[in-house]
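Engineer: Have a look at this one.
The values are calculated or read from the model by the stated rules, or taken from the named source; none is laboratory data. Keep in mind that this is a model prediction, so the values were computed, not measured. Cβ placement follows ideal geometry from the backbone for every residue including glycine, while neighbour counts extend to all protein chains displayed. In case anyone asks, the SASA skips ligands and DNA or RNA and just uses the protein heavy atoms, side chains included. Shrake-Rupley method; radii C 1.70, N 1.55, O 1.52, S 1.80 Å.
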Amino acid sequence: MELFIQVVVSGLLLGGVYALLSVGLTLIFGVVRIINFAHGELMMMAMYLTYWLFHVHHIDPYLSILIVAPALFLVGMGVQRFIIQPIFDSSALMKIFVTVGLFIALQNLALMLFKADFRTIQTSYSMATLDVAAISISVPRLVAFGFALGLLSGLYLLLKLTLVGKAMRAVAENRVVAQLMGIRVQRLYLITFGMGSALTGIAGALLLPFTYVFPTVGGIYTLLAFVVVVLGGLGNMAGAFLGGLFIGLVESFSGFYVSPALKEAVYFVIFILILLVRPQGLFGVGKGTEEVGLK
Amino acid sequence: MMKRCSVLGMIIGLLLISGFVEMALSQPVRIGALYPVSGSLALLGDESWRGAEIARVMKNQKGGVAGKQVEFVKVDIPDVSAAKSEAERLINREGLKLLTGTYSSSLCLAASEVAARAGIIYFEQGGIADQITARGYKTLLRSCPKAQYFSRSQIQFARDFVAPKIGKKPNEIRVALVHEDSAYGSSISKNVEAEAKTGGVQLVSVIPYNKDAVDLSSVILKLKNDKPDVVIGVSYANDAILLGRQAKELRLDIKAFIGTGGGHSLTSFQQALGTAAEGVLNVDFTQFEVNTKFTPGLKEFVEMYRKMFNEPPRSGHSLANFSGTNILFDLLEKTGGNMEAGKFRQTAAAVEQKSGSTASGWGVKFDDSGQNIFADTFIMQWRGGKLVTVYPEGPAVMTPLLEAPFSK
Amino acid sequence: MRGRIPLLVVLAGLAVLPVFYSAPYFLHMVILIFFYIALTEAWNILALCGKVSLGHAAFFGLGAYTSAILCIKKGVVPWIGLFPALLVTFIGALALAIPLLRLRGPMFTLASIAYAEVLRRVAMVWRDLTAGAEGLTIPFTPGWENLTFTTKVPYYYIFLILAGGSVYIVHRLYHSATGHHLRAIASDEEAAQALGINTNKVQLVALFWSAGITGLLGVFYTQYVYMIEPEWAFSSTLFCLQPALNGIIGGLGTIWGPVVGSILMTPLGEYLRSYLGALQQGLNFFIYGLVLIGVVMVLPGGIISPLLPLLRRLISSKASTHAPKEGL
């Protein structure tokens, strides 16, 4: 019984991490409606930056968020402005290829700069645990969980209450009409991409204390983030959180009861099934998703 | 006048002849070196390459092989297709007659197939899968231990050292195996299962996992469920660390952990886990805290490594390739530089050097399948932040201690 | 007929090439190029209807493993083994058929990536069947009946036929009604449906051709490399990204684009890896990434698009009677 609870707890903590991965993506995806195959690479860049700040300047990763987030904001804006915007009106095919090209280029740039070595950091709290009864809760994962919740709630409030947020929702709903209403769509896209990237950057900084970064880590994270976002429903904040938790639990359970070697395969299969059976996700509304290919 | 001309002519003639002889003599001995230095195997592939390169540099400083300088034609083989392509290119385009490498078993399989079909000797120094020599190719030689030796050491150690210390009979001790699912992990896994059977040891569970996983808590939880005394682990660099960390977080309670080289031999393993790595045992190629009477040439190797690469060796893979390359050079000396496969193999079969005679402490004796049966695996333990050799007695510097791992 | 002459000349030249020049490494390079021409053309079939698959390794691996397992475990000769291999590939394609029909654009691409990943992991874990990561080695029993040879020349001809065959299939498909329908779907699926095109059937036809050729390539290429293991057989770089790169850079949705792309990229890739890879990891693929971005932004029709008008002027008017915007 105790092991069962631990499986659940581990699954939830893992789910928190996955939710964190997908916060930025769900925002970008929800508003700009672009599938960015290089999303994981943003995370990778943030992790390398955090690593460098810790290793060379001894800045604690939680503190380095103050640097990483703005840095990634700028990177995100750059990607939107110079890579996505020029081909925004091309076919979906071209958009896929340009982000795939970006993914290949960034991944290999990292390989060139940092070699294939994995890197991780050792902080005083890297292996700290909170022990409740006989259950161990990893502290850095708990912090990541907390941040996931916090960031998603914050995002939700932003979209609901602020002018920028409302503009984002307007553009998400109908780009043309939003433009007619006077919203400067291109500028909004820049802000959205920047914000989404900054959020992804925060995720990266939070992950480094207990996981590692290597040049090809982005690919895995991209796929995971998409699984979570599709599951939760595009552009749906609560959905992204719950989707993350769901995948975390699925992975934890299939790892324990089936085999750790197949746990990723299980959630990929679930992903394909969701796309077939309920492409709007478990909680999604499905509005405006035709552009990205869901019917 | 005539006499002076003829003397002059003779001198010029002699100079020319010696020039040609010089040129022929200074044709270097060219050997193909195939290692994965990019991609996911890059770290240990590069470490392996360094060992070979050091051997070459040192050999050239001493005059080379059969009087000629040695040159490596180094190629990067990040995947199986590349291994095949490069082997093809080295044999057909560069005209090489001898290839070495490879660190990874699957890459070795691909490249040595090409060599075998072209009748060219492939000298493997790092891939441990039994299949490499089991194919029965007359062109293949392997200087390092194979998977079977690793697993044999592990089961023997569990049975003969751990069991008595915890008051259990050999058939009572519970052993679990955790392994990454690529060729490296799978080949060890097969052997552990076989050795456990012949050694009369209970293998209570076998848990494969993917080395790129972000989270391995399910592996630890399964272990907690199966309650083994000893866990044998086969991991690469990242996963070794992740497993260790999560074992500590989830408070895995076991008597001993025996790694199988790979990630558990790396300095980065100890750096990332700190005191939690204390007590972790490891079966692997020779590492550096070892009785140097057993490993002549080790100190010089480490010095040269530091000089050439500005850091201490990252794992014993470089040492294994250093030793292996020297064995290769010795064979070449004996054949006088002749790389013809039949002659080479014949010469190899006649060599016999006992254990403790090379920098890695290995002996040399090649059996019919091309395997060096005097290549040994030793057992190491992380003590005081260093990976010290604890078994067998010959190379050991400390006696093994039974310490619960991942607990400090 | 006049327009066909340059093509026949080239084909004749290729057919007799090994007689005059058979340096093994050169032949190896040409075999690689033929392989990638065939693979890229196969991938291209699906791209004709606007579906980008980045999971084609799934079909390659299914075909390759079926034939290899039958050959090694049951002694079935690959010439016969390729039929079960095709069958398994088609079944695998069926699994991807529903996502194909129901999803568009990027979502299908994601599904295809996930699919190849799942198969790779299953191949790793199902050791009883596939020997897992240790891989299987094709036994060395040379002879036409075993599809194993001691020299490169027979492989050269086999892959020449595969490459030529794929180009021919794409050519026929492109100019057939199905081809037109595929391109209509790429343009606007709903409009195509409104015109009465059975979009489901047409896309399935494309899928089966695409997967089938890829699976077949899996069978033959394994016989050339002599071994198979999951990381390689289901490799995303070698069999998912590379054909996509070749196709886009050469010219997406055209008949000759994949040929141009493969001829350009294959030697470039080998060269970059052989001579620069040891110096700087990742440089070759980094260049690919930049080229891909560049091509999409500057030359979305691929390299072939500026060349087409030129080529058309060289070929007879036969081409112009039914010349669509792309393709010959």
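Engineer: Just to make sure I understand: if all protein chains stay in place, what is the order of A:K166, B:K299 by accessible area at 1.4 Å, largest first?
Structural biologist: Numbers: A:K166 100, B:K299 130 Å².
Largest accessible area first, the residues go B:K299, A:K166.
Engineer: What does the charge add up to near B:S153, with Lys and Arg as +1, Asp and Glu as -1, over the other residues with Cβ less than 10 Å from its Cβ? Walk me through the numbers before you get to the answer.
Structural biologist: Working: positive: B:R152; negative: B:E195, B:D284, B:D376.
The answer is -2.
Engineer: Dividing the alpha-carbon Rg of chain B by 2.2 N^0.38 Å yields what? List each step's numbers first, then the result.
Structural biologist: Numbers: Rg = 23.6 Å, N = 408, 2.2 N^0.38 = 21.6 Å.
Relative to the rule-of-thumb radius for its length, chain B sits at 1.09.
Engineer: Just reorder B:L41, A:L66 by solvent-accessible area, largest first, 1.4 Å probe, all chains present.
Structural biologist: Details: B:L41 30, A:L66 135 Å².
Largest accessible area first, the list is A:L66, B:L41.
Engineer: Roughly what % of DSSP beta bridges within chain B run antiparallel, to the nearest 5?
Structural biologist: On the way: 12 of 49 bridges.
Bridges in chain B are about 25 percent antiparallel.
Engineer: Please give the total accessible area that chains A and C bury against each other, computed with a 1.4 Å probe and expressed in Å² to the nearest 100. Don't jump to the answer; show the numbers that get you there.
Structural biologist: Working: alone 13810 and 15850 Å², together 25720 Å².
Using a 1.4 Å probe on protein heavy atoms, the buried area is about 3900 Å².
Engineer: Follow-up. Under a cut-off of 24 Å between alpha-carbon atoms, report the lysines in cross-link reach of C:K201, not counting same-chain residues fewer than 8 places apart.
Structural biologist: A:K295, C:K51
Engineer: Could you compute the FRET efficiency for B:T275 and B:M398, with r as their C-beta to C-beta distance and R0 at 22 Å, rounded to 0.05?
Structural biologist: Numbers: r = 17 Å, r/R0 = 0.79.
The value I calculate is 0.80.
Engineer: Further question on the same structure: Hey, what did chain C get for relative contact order, percent, Cα under 8 Å, at least 6 apart? Kindly include the intermediate steps, with their values, before the conclusion.
Structural biologist: Details: 472 pairs, mean separation 96.6, N = 328.
Reported as a whole number, the value is 29 percent.
Engineer: Let me ask something else about it. Could you do me a favour and compute the accessible area per residue for chain C, 1.4 Å probe, result in Å²? Kindly include the intermediate steps, with their values, before the conclusion.
Structural biologist: Details: 12380 Å² over 328 residues.
Accessible area per residue: 38 Å².
Engineer: Could I ask something else about it? Normalising by the residue count of region A:2-292, find the relative contact order in percent from Cα pairs under 8 Å and 6+ residues apart. Don't skip to the end; give the middle numbers.
Structural biologist: Numbers: 477 pairs, mean separation 112.0, N = 291.
For region A:2-292, the relative contact order is 38 percent.
Engineer: How large a share of the accessible area of region C:18-235, in percent, is made up of carbon and sulfur atoms when the probe is 1.4 Å and the other protein chains stay in place?
Structural biologist: Roughly 68 percent, rounded to a whole number.
Engineer: Still on this model: Using Cα positions and a limit of under 12 Å, work out the aspartates and glutamates in reach of B:K386, with same-chain residues fewer than 8 apart set aside.
Structural biologist: The qualifying aspartates and glutamates are B:E278, B:E289.
Engineer: May I pose another question? Using a 1.4 Å probe over the heavy atoms of the protein chains, calculate the carbon and sulfur portion of the accessible area of region A:123-200 as a whole percent. Can you show the working numbers first?
Structural biologist: On the way: 2640 of 3850 Å².
Here carbon and sulfur together make up 69 percent of the probe-accessible area.
Engineer: In Å², rounded to the nearest 100, what is the total accessible surface buried by chains A and B against each other with a 1.4 Å probe? Could you put the intermediate results ahead of the total?
Structural biologist: Values: alone 13810 and 17250 Å², together 28080 Å².
Counting both chains, the buried surface is close to 3000 Å².
Engineer: OK, next. Which value, in square angstrom to the nearest 100, describes the accessible area buried between chains C and B on both sides, using a 1.4 angstrom probe? Intermediate values should be presented prior to the final figure.
Structural biologist: Values: alone 15850 and 17250 Å², together 30030 Å².
Using a 1.4 Å probe, the pair buries roughly 3100 Å².
Engineer: Relative contact order of region A:26-98: what whole-number percent is it, with Cα pairs under 8 angstrom and at least 6 residues apart?
Structural biologist: Details: 26 pairs, mean separation 19.6, N = 73.
Normalised by residue count, the contact order of region A:26-98 is 27 percent.
Engineer: Just add up the charged neighbours of C:I197: K/R +1, D/E -1, any other residue whose Cβ is under 15 Å from the Cβ of C:I197. Spell out each step's value before the answer.
Structural biologist: Numbers: positive: C:R183, C:K201; negative: C:D188, C:E189, C:E190.
Local charge sum for C:I197: -1.
Engineer: Sum -39500 (n - 2.57) across every DSSP H segment of at least 4 residues in chain C, then divide by the residue count to get the 222 nm mean residue ellipticity, nearest 500.
Structural biologist: Only helices count here, giving -23500 deg cm²/dmol.
Engineer: To continue, here is another question. Per residue, how many Å² of accessible area does region A:2-292 show with a 1.4 Å probe? All intermediate terms of the calculation are to be shown ahead of the outcome.
Structural biologist: On the way: 10090 Å² over 291 residues.
Here the per-residue accessible area is 35 Å².
Engineer: Over all distinct alpha-carbon pairs, what is the Kirkwood Rh of the protein assembly as shown in angstrom? Mind showing how you got there, number by number?
Structural biologist: Numbers: mean 1/r = 0.0331 Å⁻¹.
Result for the protein assembly as shown, one decimal place: 30.2 Å.
Engineer: Round to the nearest 10 and give me the degree value, 0 to 90, for the angle of helix B:317-335's Cα axis relative to the longest principal axis of chain B.
Structural biologist: 40 degrees
Engineer: Another question about this same structure. Given a 1.4 Å probe and heavy atoms of the protein chains only, how would you sort B:M308, B:M380, A:M1, largest accessible area at the top? Mind dumping the intermediate values first?
Structural biologist: Values: B:M308 65, B:M380 0, A:M1 165 Å².
Largest accessible area first, the list is A:M1, B:M308, B:M380.
Engineer: Is the shape of region C:18-235 rounded, prolate or oblate, going by the alpha carbon gyration tensor and its root eigenvalues a ≥ b ≥ c, with a/c under 1.5 for rounded and a/b larger than b/c for prolate?
Structural biologist: oblate
Engineer: Okay, moving on. Within a Cβ distance under 14 Å of B:L273, other residues only, what is the Lys/Arg minus Asp/Glu net charge? Numbers along the way, then the final one.
Structural biologist: Working: positive: B:R245, B:K248, B:R383, B:K386, B:K408; negative: B:D239, B:E249, B:E278, B:E403.
Spelling it out: positives minus negatives among the neighbours equals +1.
Engineer: When a/c reaches 1.5 or more, the comparison of a/b and b/c decides; with that in mind, is region C:116-245 rounded, prolate or oblate per its Cα gyration tensor? Please list the in-between numbers first.
Structural biologist: Details: a/c = 3.15, a/b = 1.66, b/c = 1.90.
Oblate.
Engineer: From the square roots a ≥ b ≥ c of the eigenvalues of the alpha-carbon gyration tensor of region B:242-348, which class results: rounded (a/c under 1.5), prolate (a/b over b/c), or oblate?
Structural biologist: Judged from the Cα gyration tensor, region B:242-348 comes out prolate (a/c at least 1.5, a/b above b/c).
Engineer: Which of the lysines could be linked to B:K248 by a straight reach, that is with a Cα gap under 19 Å, when you skip same-chain ones fewer than 8 residues away?
Structural biologist: Cross-link targets: B:K211, B:K222, B:K224, B:K227, B:K408.
Engineer: Then there is this: Along the Cα→Cβ direction, 7 angstrom out, place labels at A:L157 and A:L282. What is the inter-label distance in nm?
Structural biologist: Those two pseudo-labels are separated by 2.6 nm.
Engineer: Quick one: pull the percent of accessible area on region A:1-87 belonging to carbon and sulfur, 1.4 Å probe, ligands and nucleic acids left out. The partial results should precede the final answer.
Structural biologist: Numbers: 2170 of 2830 Å².
With neighbouring chains kept in place, the figure for region A:1-87 is 77 percent.
Engineer: Treating region A:2-292 as a set of equal point scatterers at the Cα positions, no solvent, please give the Debye-formula log₁₀ I(q)/I(0) at q = 0.07, 0.08, 0.09 Å⁻¹.
Structural biologist: -0.25, -0.33, -0.41
Engineer: Shifting gears a bit: On C-alpha positions alone, give me the angle between the axis of helix B:147-157 and the longest principal axis of chain B, in degrees, nearest 10.
Structural biologist: It works out to around 40 degrees.
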